[in-house]
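Q: Structure in structure tokens, see below.
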Amino acid sequence: MKANFFLCFFIPLVLIGCDSPVKQDIAELPVALQDSITIKLESIALNFLKSWEPPYDPDAALSLFTQREDFHLVISAGYTCDNYMEWIDAVHSSMHHEKEFYNSYKHEVKYIETVVLSPKSGVVMLRFAIRHITVELSRRRMARALLLLQRA
């Protein structure tokens, strides 16, 4: 019980930090800490996917991103956003379109793998099926996402 309380209290402190790079070797982190960071990173990634399902939550979709001069986003099929304001517009217009066009839109996660890079960063790889239903058709297609997450 004391260990759980300690980890519950300590993990958020580790994940909250300054902008300086962490120079600690990830192999030095206790397994329990790595597991806790993995759970947190996967939760963030899954919540991001969920934000793109009805009732659609643009604020949650945007919450992962920070407005910086070096903002650049690449999505498959060659879609890119070169600044944060462009990404805000894209999120709102995409969600508005999906709300109008689809009766249902759901992500079914088939595979998730996470690599903890440091106490403040990691990579989450997802493979999932997107199931969308319109008045005329039901479609299911496979998709992938790779999220590189770093706590500022």
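Since every read-out is calculated from the coordinates, none of them should be taken as a lab result. Treat the numbers as computed from the prediction; the structure is a model and nothing was measured.
Q: If I stretch the segment between H92 and L148 completely, what's the gain in nm (0.36 nm per residue apart, minus their alpha carbon distance), one decimal? Could you put the intermediate results ahead of the total?
A: Working: separation 56, 0.36 × 56 = 20.16 nm, distance 2.23 nm.
So the chain would gain 17.9 nm between H92 and L148.
Q: Shifting gears a bit: For the range 49-56, what does the Karplus curve 6.51 cos²θ - 1.76 cosθ + 1.60, with θ = phi - 60°, yield as ³J(HN,Hα) per residue in whole Hz, taken in order and with x for Gly and Pro?
A: 4, 4, 5, 8, 10, x, x, 6
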